[in-house]
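The values are calculated or read from the model by the stated rules, or taken from the named source; none is laboratory data. Predicted model, so just to flag it, every value in this text is computed and none were measured. When we count neighbours, we look across all protein chains shown, and the Cβ atoms used for this are built from the backbone with ideal geometry, even at glycine.
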Amino acid sequence: MPRRAVIQSIGMAVADKVMTNDDFAKFLDTSNEWIQSRTGILERRIASDEESCSTFAIRAAKQALANADVDPESLDLVAVASVTGDYQFPSTSCIVQDAIGAKRAGAFDIGAACAGFIYGCQLVGSMIESGAIQRALLIGVDVLTKTVDWTDRSTCILFGDGGGAVYMEASNEDRGLISTVLRSDGSGGRHILIALGGSKNPIGAQRSAGCSPYVYMEGREVYRFAVKAMGDSCCSVLQKAGMSVDDVDIFVPHQANERIITAAADRIGLPPEKLFLNVHKYGNMSAGSIPVALYEAQATGRLKKGDVVMTVGFGAGLVWGANLIRW
Ligand code: COA
């Protein structure tokens, strides 16, 4: 039996503060009807001033470890997929590593925006399968509400804060990653970005036109890209595994927008009962959305040990990809 990378447990953490669509209508020219009909979002969680990326990463990590009854000192790696880390550096994974007492683990962050958890599964999974490491925590988490312009009604209504963590270990069981596709198209980078604060446009430099500290997004472009990218990567990951949608027990996509998800699911011919959705409760939590959805799918009995789950994500980069996992 080949060495597999198996997800043994999962944890999640989201901000406590709930913000409804009607709350936005108090200070923006928008409505519950508009937001709900365009995105499927009813409410989202908003981090407090005291909360940051590591707040949710640490909570989710501790829960995943407790659920598998794993000693943090036995971990070889802590990896955090996020584009809203606590600092430019050090990496958020080092903050988590210290907070959970993973004394002998390596730590690094993964920057693939809303596809971060998809990339992370492949990266960490391959490290385990190769024998380089035995035990790892992979965390997908984002706090994008700290980066939005609260006067921009087309972006600030979309996002929420939180994430999830999976504990992965080497195993001879017939479970784990089945296949993965990872894709990118940097020519579309301008469609969704934060221009200020990196080495190209440092914070200290004078702000020029189009160089904003906030999330900039061309919604229609991203929408078109997302539907195609999700459909294509699902088809590719199934083809790579020699499987079809009939073999998929549950589809857990990046939860950005219900319309994008259902359009992509239609495109691949997925029966609606196989689709897991929780975007209505949380909005788009970027790299946090897939692990939180996996957690809730498992907690509600929709995702069971041995099931084939298809996950797919897309985001700023542009990047996208999909994983097929036997849970
Ligand atoms: N409330 C009311 N009206 C709004 C609004 C809001 N919150 N946001 C935008 N509008 C308005 C626009 O100003 C525009 O008005 P105009 O026609 O007078 O100029 C109109 O609604 C249509 O705007 P448009 O951007 O074409 O809307 P849309 O139907 O494409 O929906 C998004 C906008 C953002 C919901 C949609 O494009 C989307 O979901 N894109 C993908 C975003 C995404 O998933 N990003 C994350 C990727 S990981």
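Set side by side, the residues 140, 111, 125, 101 differ, and just one is within 16 Å of residue 167 (Cα to Cα), at pLDDT 95 or above and within 16 Å of the ligand (Cβ to nearest atom), which is 140. Note on region 5-51: among residues that are among the polar types (S, T, N, Q), more than 21 Å from residue 86 (Cβ to Cβ) and not in a helix (DSSP H, G or I), the one that is nearest to the ligand (Cβ to nearest atom) is 30. Per the listing 269, 204, 231, the residue uniquely out of contact with any helix residue (DSSP H, G or I) (no Cβ under 9 Å at 6 or more places or on another chain) and over 24 Å from residue 19 (Cα atoms) is 204. For the criterion of being under 19 Å from the mean Cα position of the chain (by Cα), among the basic types (Lys, Arg) and part of a helix (DSSP H, G or I), residue 259 passes. May I ask you to list the residues in region 172-203 that are among the basic types (Lys, Arg) and farther than 29 Å from residue 241 by Cα? Across region 172-203, the qualifying residues are 190, 200. In region 52-73, which residue that is among the aliphatic types (A, V, I, L, M) and in a helix (DSSP H, G or I) is farthest from residue 145 (Cα to Cα)? Checking each candidate, the answer is 68. Taking the listed residues 187, 179, 154, the one that is within 16 Å of the ligand (Cβ to nearest atom) and either farther than 21 Å from residue 82 by Cβ or more than 19 Å from the chain's Cα centre (by Cα) (or both) is 154, with no other qualifying. The set of residues in region 204-222 that are more than 30 Å from residue 241 (Cβ to Cβ) and either in the same structural domain as residue 146 (by TED's automatic domain parsing) or not in a loop (DSSP other than H, G, I, E, B) (or both) comprises 216, 217, 219, 220, 221.
All conditions but one from (1) away from the ligand (no atom under 16 Å from the Cβ); (2) in contact with a Phe, Trp or Tyr (Cβ under 8 Å, 6 or more places away or on another chain) apply to residue 252; the one that does not is (1).
When we screen 264, 293 for residues that are in a helix (DSSP H, G or I), crowded, with 24+ Cβ neighbours inside 10 Å, within 16 Å of the ligand (Cβ to nearest atom) and modelled with pLDDT under 95, the only hit is 264.
Got at least one residue in region 201-222 being surrounded by fewer than 22 Cβ atoms within 10 Å (Cβ to Cβ), of a type in the set (Phe, Trp, Tyr) and within 10 Å of the ligand (Cβ to nearest atom)? Taking every residue of region 201-222 in turn, none turns out to be surrounded by fewer than 22 Cβ atoms within 10 Å (Cβ to Cβ), of a type in the set (Phe, Trp, Tyr) and within 10 Å of the ligand (Cβ to nearest atom).
With respect to the conditions (1) over 30 Å from residue 195 (Cβ atoms); (2) part of a helix (DSSP H, G or I); (3) of a type in the set (Phe, Trp, Tyr), residue 225 lacks only one, and its number is (1).
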